[in-house]
1. Quick one: in the stretch 144-202, which of the residues that are in a loop (DSSP other than H, G, I, E, B) and hydroxyl-bearing (Ser, Thr, Tyr) is farthest from the ligand (Cβ to nearest atom)?
2. Within the stretch 1-52, can you find the residues that are out of contact with any Leu (no Cβ under 7 Å at 6 or more places or on another chain) and within 16 Å of the ligand (Cβ to nearest atom)?
3. Could you check, for the stretch 78-90, whether at least one of its residues is assigned to a loop (DSSP other than H, G, I, E, B) and at pLDDT 95 or above?
4. Working only within the stretch 59-85, note down all residues that are of a type in the set (A, V, I, L, M, F, W, C), touching a residue at least 40 places away in the same chain (Cβ under 8 Å) and open to solvent by 40 Å² or more (accessible area, probe 1.4 Å).
5. Can you pull out every residue in the stretch 132-143 that is part of a loop (DSSP other than H, G, I, E, B) and either at negative phi or among the acidic types (Asp, Glu) (or both)?
6. Taking the stretch 29-55 as the search range and keeping residues that are outside any helix (DSSP H, G or I) and modelled with pLDDT under 95, which one is least open to solvent (accessible area, probe 1.4 Å)?
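The values are calculated or read from the model by the stated rules, or taken from the named source; none is laboratory data. Computed from a predicted model, the values in this text were never measured in an experiment. Positions of Cβ are generated from backbone atoms using ideal geometry, with glycine treated the same way; all protein chains shown enter the neighbour counts. Please note that ligands, DNA and RNA were not included when accessible areas were found on the heavy atoms of the full protein model with its side chains. Shrake-Rupley method; radii C 1.70, N 1.55, O 1.52, S 1.80 Å.
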Amino acid sequence: MNIEQIYKDANALLEGHFKLSSGNHSQFYLQSAKVLEDPKTAKLLAEELAKQIKESDIKVDAICSPALGGLIAGFALATALDVRFIFAERVDGDMTIRRGFEVKKGENYIICEDIITTAGSALEAAAQVEADGGNVVAFAALANRGFCKREGSNLEAKPNCKLPKETKLFALADFTFEMYDPSECPLCKDGSVAYKPGSRGN
Ligand code: ZN
């Protein structure tokens, strides 16, 4: 399965001159929600991810996703694995599990995102599951931005990856593209102006 092509076809992998939330510039931007716009594609990607998880020796009871980004990917993965799905959400800045969701003691959870960058939100959701007595047995995402190491990839984790080294990350592909400090950005040097994705209605 050519994941990059699926993202391109869905206009989820944008090419241009982008100002990222870190302040750095990049020629590429992942608009991960776009790839899930077509439920058939969401199902296809989630089934591919579920296949990786089933092939490992991990036993899963439920999926937990940090809202908002991880909701669709997490739900689709839970459907493909035929397990429960819950989500964590920020309340006054703190990740919490509410809405009557119950984490049972000893249950095995996978924390699922649409895209893993440094995995801060995923780790906060994991902490909530563990605080309620659940076990976090793995992390999962459709796309890995290349800061963390995913199963089956030769790319090593970068120092800013927040995931614990001993816990597996399942993802379909690494999307590693160059980021530039604005003062050294070759696209700026060519005279174009970076824009923040979202500022043009995307
Ligand atoms: Zn630039």
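1. So the residue we want is 167.
2. 14, 15, 16, 18, 19, 20, 21, 22, 23, 24
3. Among the residues of the stretch 78-90, at least one is assigned to a loop (DSSP other than H, G, I, E, B) and at pLDDT 95 or above, which makes the answer yes.
4. Restricting attention to the stretch 59-85, the residues satisfying the condition of being of a type in the set (A, V, I, L, M, F, W, C) are 60, 62-64, 67-68, 71-73, 75-78, 80-81, 83, 85.
Filter again for touching a residue at least 40 places away in the same chain (Cβ under 8 Å), leaving 60, 62-64, 72-73, 76-77.
Result: 72, single match.
5. Correct list: 132, 134.
6. Kept after step one, since they are outside any helix (DSSP H, G or I), are these residues of the stretch 29-55: 29-31, 36-38.
Pick out the ones that are also modelled with pLDDT under 95 and you get 29-31.
Values: 29: 59, 30: 17, 31: 37 Å².
Across the stretch 29-55, the extreme among qualifying residues is 30.
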